[in-house]
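Data block below; observations after.
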């Protein structure tokens, strides 16, 4: 807090707001999945497991971002720039295309293309130089890890796509 004319002023930083929003979203997600009627068992993790892991991750990451924001001394730059807004829109558009592509092409084909596209886009946007082969290997590895978790570990099916059914 800072003293100013007429009382106290609180300087809230962007990371603090972001952290609190992530914590709130995680808590709302926990509340929503607690209403699922299917119990979590060892033989079938049910529909609660993955959203529960995501909610836990949101809360933990949100707390970390909030604490980082509290420890940050320098002033924030602009909270949301045109480029940032454009990146969010492009990300949502990519996810929409991914959902449609997964319906027809399936998880194993659509996912590496989404991961590759987003990593390439964000690497270029941040001017980070990443080699093409690294992005390809990363995209395939992420796809395989997710596939192994769902199909092998949880014994659940992922979409194969209407073209391959």
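Return a yes/no flag: does the range 153-163 have any residue that is modelled with pLDDT under 85, assigned to a loop (DSSP other than H, G, I, E, B) and exposed (fewer than 12 other Cβ atoms within 10 Å of the Cβ). Yes, the range 153-163 contains at least one residue that is modelled with pLDDT under 85, assigned to a loop (DSSP other than H, G, I, E, B) and exposed (fewer than 12 other Cβ atoms within 10 Å of the Cβ). Residues that are over 20 Å from the mean Cα position of the chain (by Cα) and at pLDDT 90 or above were ranked within the range 61-105; the one that is surrounded by the most Cβ atoms within 10 Å (Cβ to Cβ) is 105.
Checked against the criterion of being in a loop (DSSP other than H, G, I, E, B) and not assigned by TED's automatic domain parsing to the domain that holds residue 51, the candidates 130, 143 yield just one match: 130.
Against the definition (touching a residue at least 12 places away in the same chain (Cβ under 8 Å) and farther than 29 Å from residue 32 by Cα), how does residue 64 come out, yes or no? So residue 64 fails the test. Residue 38: farther than 30 Å from residue 151 by Cβ and either modelled with pLDDT under 80 or outside the structural domain of residue 163 (by TED's automatic domain parsing) (or both), yes or no? Judged against the criteria, residue 38 is not a match.
The values are calculated or read from the model by the stated rules, or taken from the named source; none is laboratory data. Only a predicted model underlies this, so the values are computations on that prediction, with no experimental measurement involved. As a convention, Cβ positions derive from the backbone with ideal geometry for all residues, glycine included, and neighbour counts pool all protein chains shown.
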